[in-house]
Amino acid sequence: MAEYMKKLIFWPLKSSIQRNLPIPFRMLFSRVQSIVDCLEIEIQKPTSALHQALTWSDYKKCNTVKYLISATPDGFINFISCGYGGRVSDVALLEVCGYLNVLPENSVVMADRGFKQIEPLLNAKNCTLVRPPSVTSDKLMTEDEVALTKRIASVRIHIERVIKRIRDFKLLSPHATVNSELVQKIDSAIVVACAIINLQRPIIKQC
């Protein structure tokens with residue numbers, strides 16, 4: 001099923017993304033083609049010490065399989081990676097998962113602060129990263145930086161809404177703790193879930 005349904009997960013033409021651009025993006029983020037984030041699926045603790053180490057997630061405090069997901073501003077999933085051990089960082093995952101191979105040149109990518117180090121990778125493809133300004137303990141954010149952070153957060157939340165739709169599937173729900181015997185099936189399950197979501201109504205109603 002995943003083999004056939006993966007065709008429903010593709011990168012739309014730039015003109016199509018622009019045509020379906022939600023109103024909240026149009027003033028400041030009209031060139032965004034991709035909003036990226038990571039999601040982790042909790043799995044049963046592996047019996048192998050090596051696999052325990054590779055799948056341990058410091059963020060989730062459990063063993064997980066980690067995915068990079070990308071969606072257009074209107075919530076259409078245009079990329080889902082294969083699963084990697086939860087130990088991998090967001091930046092390393094983006095670099096090795098194949099996302100950069102499908103990312104069109106001269107694109108604008110939106111991400112959260114955790115993806116700061118991907119900027120050189122995007123620049124190599126003449127792409128631009130939009131993310132909240134960095135926060136440091138010894139320097140207060142300016143009013144403009146605070147305003148920009150709020151604006152980005154208000155539109156970047158839509159990738160979290162897409163992930164929530166994925167979580168609605170029982171096998172992929174939070175704390176589902178996938179059985180060890182089913183771990184190899186998670187990739188197929190998440191492809192099917194993403195394809196079904198792309199057939200649903202957009203997360204943002206068009207005016």
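The values are calculated or read from the model by the stated rules, or taken from the named source; none is laboratory data. None of these values were measured; they are calculated from a predicted model. Reconstructed Cβ throughout: ideal geometry from the backbone, glycine too, with neighbour counts over all protein chains shown. Quick note on the areas: whole protein, heavy atoms, side chains included, nothing else; ligands and nucleic acids left out. Shrake-Rupley method; radii C 1.70, N 1.55, O 1.52, S 1.80 Å.
Under 6 Å between Cβ atoms, at least 6 apart or on separate chains: pull out the pairs that start in the stretch 143-157 with a residue that is without any contact (Cβ under 8 Å) to a residue 24 or more places away in the chain and closer than 12 Å to D112 by Cβ and end on any residue that is open to solvent by less than 60 Å² (accessible area, probe 1.4 Å) and of a type outside the set (S, T, N, Q).
Close Cβ pairs satisfying both conditions: T149/P132.
Output yes when any residue across the stretch 21-31 is within 15 Å of R87 (Cα to Cα) and open to solvent by 20 Å² or more (accessible area, probe 1.4 Å), and no when none is.
No, there is no match, as no residue in the stretch 21-31 is within 15 Å of R87 (Cα to Cα) and open to solvent by 20 Å² or more (accessible area, probe 1.4 Å).
Which numbered condition trips up C82, out of (1) of a type in the set (A, V, I, L, M, F, W, C); (2) open to solvent by 40 Å² or more (accessible area, probe 1.4 Å); (3) more than 13 Å from the chain's Cα centre (by Cα)?
Looking at each condition in turn, C82 falls short on (3).
With respect to D144, determine if the residue is among the acidic types (D, E) and over 17 Å from D37 (Cα atoms).
For D144, the condition - among the acidic types (D, E) and over 17 Å from D37 (Cα atoms) - is met.
Might you let me know whether the stretch 181-199 holds any residue that is over 19 Å from the mean Cα position of the chain (by Cα) and over 22 Å from C82 (Cβ atoms)?
no
Among the residues in the stretch 162-173, are any at negative phi, touching an Asp or Glu at 6+ places or on another chain (Cβ under 9 Å), among the charged types (D, E, K, R) and surrounded by 12 or more Cβ atoms within 10 Å (Cβ to Cβ)?
no
Quickly run through the stretch 1-20 and pick out the residues that are within 18 Å of the chain's Cα centre (by Cα) and open to solvent by 80 Å² or more (accessible area, probe 1.4 Å).
K6, F10
Listed residues I17, I9, I35; which is within 18 Å of D112 (Cβ to Cβ) and either touching a strand residue (DSSP E or B) at 6+ places or on another chain (Cβ under 9 Å) or basic (K, R) (or both)?
I35
If I filter the stretch 151-161 for residues that are open to solvent by 80 Å² or more (accessible area, probe 1.4 Å) and more than 19 Å from the chain's Cα centre (by Cα), do I get at least one hit?
No, there is no match, as no residue in the stretch 151-161 is open to solvent by 80 Å² or more (accessible area, probe 1.4 Å) and more than 19 Å from the chain's Cα centre (by Cα).
For T177, work out the one condition from (1) within 28 Å of N198 (Cα to Cα); (2) open to solvent by 70 Å² or more (accessible area, probe 1.4 Å); (3) at pLDDT 90 or above it doesn't fulfil.
The number of the failed condition is (2).
Kindly evaluate I203 against the criterion of being surrounded by 14 or more Cβ atoms within 10 Å (Cβ to Cβ) and of a type in the set (V, I, T). Please lay out each step first, then the result.
Working: surrounded by 14 or more Cβ atoms within 10 Å (Cβ to Cβ): yes; of a type in the set (V, I, T): yes.
Considered against the rule, which asks whether it is surrounded by 14 or more Cβ atoms within 10 Å (Cβ to Cβ) and of a type in the set (V, I, T), I203 comes out as yes.
Suppose we keep only residues that are aromatic (F, W, Y) and assigned to a loop (DSSP other than H, G, I, E, B) within the stretch 34-86. Which one would you say is farthest from P202 (Cα to Cα)?
Going through the stretch 34-86, the residues aromatic (F, W, Y) turn out to be 56, 59, 67, 76, 79, 84.
Of the ones still in play, those that are also assigned to a loop (DSSP other than H, G, I, E, B) are 59, 76.
Numbers: Y59: 30, F76: 7 Å.
Applying the filter and picking the extreme gives Y59.
Applying the selection to the stretch 92-112, what residues are farther than 22 Å from S30 by Cβ and either touching a Gly at 6+ places or on another chain (Cβ under 9 Å) or open to solvent by 40 Å² or more (accessible area, probe 1.4 Å) (or both)?
E95, V96, N101 - these are the residues of the stretch 92-112 that are farther than 22 Å from S30 by Cβ and either touching a Gly at 6+ places or on another chain (Cβ under 9 Å) or open to solvent by 40 Å² or more (accessible area, probe 1.4 Å) (or both).
Determine whether W11 is aromatic (F, W, Y) and touching a Lys or Arg at 6+ places or on another chain (Cβ under 6 Å). Don't jump to the end; show me each part of the working.
Values: aromatic (F, W, Y): yes; touching a Lys or Arg at 6+ places or on another chain (Cβ under 6 Å): no.
No, not satisfied.
Is it the case, given these coordinates, that K60 is at pLDDT 95 or above and open to solvent by 10 Å² or more (accessible area, probe 1.4 Å)?
no
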